[in-house]
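Peer 1: Okay, here's the structure, questions in a sec.
The values are calculated or read from the model by the stated rules, or taken from the named source; none is laboratory data. All figures in this text were calculated on a predicted structure; none of them were measured in a lab. Here the Cβ is made from the backbone with ideal geometry for all residues, glycine too, and neighbour counts use every protein chain on show.
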Amino acid sequence: MHVDALYTPWSGEFGGEIRVNYPELSNSNFVYGRQMMDNNIKEAVIECKCGSSALTVADGKAILYVQCGCEDCRQALQWGHMKGGVKPDPLPRLYYLRSDIVDVKGKDYMKAFKIREDGRSTRIFCIKCYSVLGVDHPAYQSNVFMIFPKHCNNGGDLSIPLVAYVHMIDYSDDIGPLPTEDVPLFVTNRFQQELQRKFSIPEFANAFKEPMESIRGMTLTSLIESLGPVTVLDLVKGETVIA
Ligand SMILES: [Zn+2]
Ligand SMILES: [Zn+2]
């Protein structure tokens, strides 16, 4: 599907002023209708740091916020930093958004990467500034995708409090400060009991279930597919990438 086909006529230019009030036009049915729709939608723009590429999501309210200790998040962000991206935090912050992308800008600057052939996450980087625009993983089932707020400009609502620390098996005080927030901490996904405890947290259970309504745009999975072959970086598992 061509992404331009997702352009909705009333959203105007990408990142346009759809939330601006026009009091002088308040009698216009067109503007009135547009504002009515704005009350129901919570679009947000996720833009790379250099402004070359961006996504607009239909619902910019993050539904899950965790900090991830896994070596793969760390390594992918270290690689991005080595290429000129922002320096990652030792324990990156991750937010999950509904996978419903209604507009895409600068697709030519987007490229999909995996850290290894058997890597399960696919990350879209801007190949100019090495921001991360979104991360997909089979476990998300295309219902959600993940962003790192430090590694893109996120115009959405990231007010949800920290829900948990995850994948802490790969984290230690050699890497960074130990976690301090009093929230559940999960070490691995290996044991059924631990997984069950994780998914007994409403934010986890809700984040990964299918959306109640059909989406308006495309999923991040579809966007990745439209970007062409995924580039495999062949990074050595667990190895630090020095910038
Ligand atoms: Zn960029
Ligand atoms: Zn991770």
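Peer 1: Pairs, please: C-beta under 8 Å, at least 6 apart or cross-chain, first residue hydroxyl-bearing (S, T, Y) and in the stretch 117-128, second in a loop (DSSP other than H, G, I, E, B) and within 13 Å of ligand 2 (Cβ to nearest atom)?
Peer 2: S121/I115; S121/H137; T122/H137
Peer 1: Which ones in the stretch 76-109 are among the hydrophobic types (A, V, I, L, M, F, W, C) and surrounded by 18 or more Cβ atoms within 10 Å (Cβ to Cβ)? Can you show your working first?
Peer 2: Here is the first cut: in the stretch 76-109, the ones among the hydrophobic types (A, V, I, L, M, F, W, C) are 76-77, 79, 82, 86, 91, 94, 97, 101-102, 104.
Scanning the stretch 76-109 gives A76, L77, W79, L91, L94, L97, I101, V102, V104.
Peer 1: Here is a further query. Give the number of residues within the stretch 73-109 that are polar (S, T, N, Q) and either part of a loop (DSSP other than H, G, I, E, B) or in contact with an Asp or Glu (Cβ under 6 Å, 6 or more places away or on another chain) (or both). Break it down stepwise before answering.
Peer 2: First pass over the stretch 73-109, keeping only residues polar (S, T, N, Q): 75, 78, 99.
From the residues that got through so far, the ones that are either part of a loop (DSSP other than H, G, I, E, B) or in contact with an Asp or Glu (Cβ under 6 Å, 6 or more places away or on another chain) (or both) too are 99.
The total comes to 1.
Peer 1: Also, quick follow-up: Please tell me if L133 is within 13 Å of ligand 2 (Cβ to nearest atom), modelled with pLDDT of 95 or more and under 22 Å from L235 (Cα atoms).
Peer 2: Values: within 13 Å of ligand 2 (Cβ to nearest atom): no; modelled with pLDDT of 95 or more: yes; under 22 Å from L235 (Cα atoms): yes.
Judged against the criteria, L133 is not a match.
Peer 1: Which numbered condition in (1) out of contact with any Leu (no Cβ under 7 Å at 6 or more places or on another chain); (2) farther than 26 Å from G106 by Cα is the only one that N189 fails?
Peer 2: Of (1) out of contact with any Leu (no Cβ under 7 Å at 6 or more places or on another chain); (2) farther than 26 Å from G106 by Cα, only one is false for N189: (1).
Peer 1: Follow-up question, since we're still on this one. Restricting attention to the stretch 167-178, and to residues there that are assigned to a loop (DSSP other than H, G, I, E, B) and in contact (Cβ under 8 Å) with a residue 12 or more places away in the chain, which single residue is surrounded by the most Cβ atoms within 10 Å (Cβ to Cβ)?
Peer 2: So the first thing to find is which residues in the stretch 167-178 are assigned to a loop (DSSP other than H, G, I, E, B), and the list is 167, 171-178.
Then drop every residue that is not in contact (Cβ under 8 Å) with a residue 12 or more places away in the chain, which leaves 167, 171, 175-177.
On the way: H167: 19, Y171: 23, I175: 14, G176: 13, P177: 9.
Among them, the one singled out is Y171.
Peer 1: (1) crowded, with 19+ Cβ neighbours inside 10 Å; (2) within 16 Å of ligand 1 (Cβ to nearest atom); (3) outside any strand (DSSP E or B): which one isn't true of A112, the others all being true?
Peer 2: (3)
Peer 1: I would also like to ask the following. Return yes or no: is G119 in a loop (DSSP other than H, G, I, E, B) and within 15 Å of ligand 2 (Cβ to nearest atom)? Spell out the reasoning first.
Peer 2: Details: in a loop (DSSP other than H, G, I, E, B): yes; within 15 Å of ligand 2 (Cβ to nearest atom): yes.
So G119 fits the description; yes.
Peer 1: Something else about it: Among the residues that make up the stretch 145-166, is at least one of them within 13 Å of ligand 2 (Cβ to nearest atom), among the acidic types (D, E) and either crowded, with 20+ Cβ neighbours inside 10 Å or more than 18 Å from T221 (Cβ to Cβ) (or both)?
Peer 2: Looking through the stretch 145-166, none of the residues is within 13 Å of ligand 2 (Cβ to nearest atom), among the acidic types (D, E) and either crowded, with 20+ Cβ neighbours inside 10 Å or more than 18 Å from T221 (Cβ to Cβ) (or both).
Peer 1: Still on this structure, please answer the following. If I filter the stretch 129-156 down to residues being out of contact with any helix residue (DSSP H, G or I) (no Cβ under 8 Å at 6 or more places or on another chain) and not in a strand (DSSP E or B), which single residue comes out as farthest from ligand 1 (Cβ to nearest atom)?
Peer 2: Step by step, filter the stretch 129-156, then rank; the result is P138.
Peer 1: When residues of the stretch 192-227 are filtered for being assigned to a loop (DSSP other than H, G, I, E, B), touching a residue at least 12 places away in the same chain (Cβ under 8 Å) and either under 26 Å from R74 (Cα atoms) or not β-branched (V, I, T) (or both), how many remain? Even if it seems obvious, please write down each step before you answer.
Peer 2: Within the stretch 192-227, the subset assigned to a loop (DSSP other than H, G, I, E, B) is 200-201, 209-217, 219, 227.
Going one step further and asking which of them are touching a residue at least 12 places away in the same chain (Cβ under 8 Å), we end up with 201, 209-211, 215-217, 219, 227.
Those still in the list that are either under 26 Å from R74 (Cα atoms) or not β-branched (V, I, T) (or both) too: 201, 209-211, 216-217, 219, 227.
Residues in the stretch 192-227 being assigned to a loop (DSSP other than H, G, I, E, B), touching a residue at least 12 places away in the same chain (Cβ under 8 Å) and either under 26 Å from R74 (Cα atoms) or not β-branched (V, I, T) (or both): 8 in total.
Peer 1: Hey, another quick one. Given the conditions (1) of a type outside the set (S, T, N, Q); (2) within 16 Å of ligand 1 (Cβ to nearest atom); (3) within 11 Å of the chain's Cα centre (by Cα), and given that C126 satisfies all but one, which numbered condition is not satisfied?
Peer 2: Looking at each condition in turn, C126 falls short on (3).
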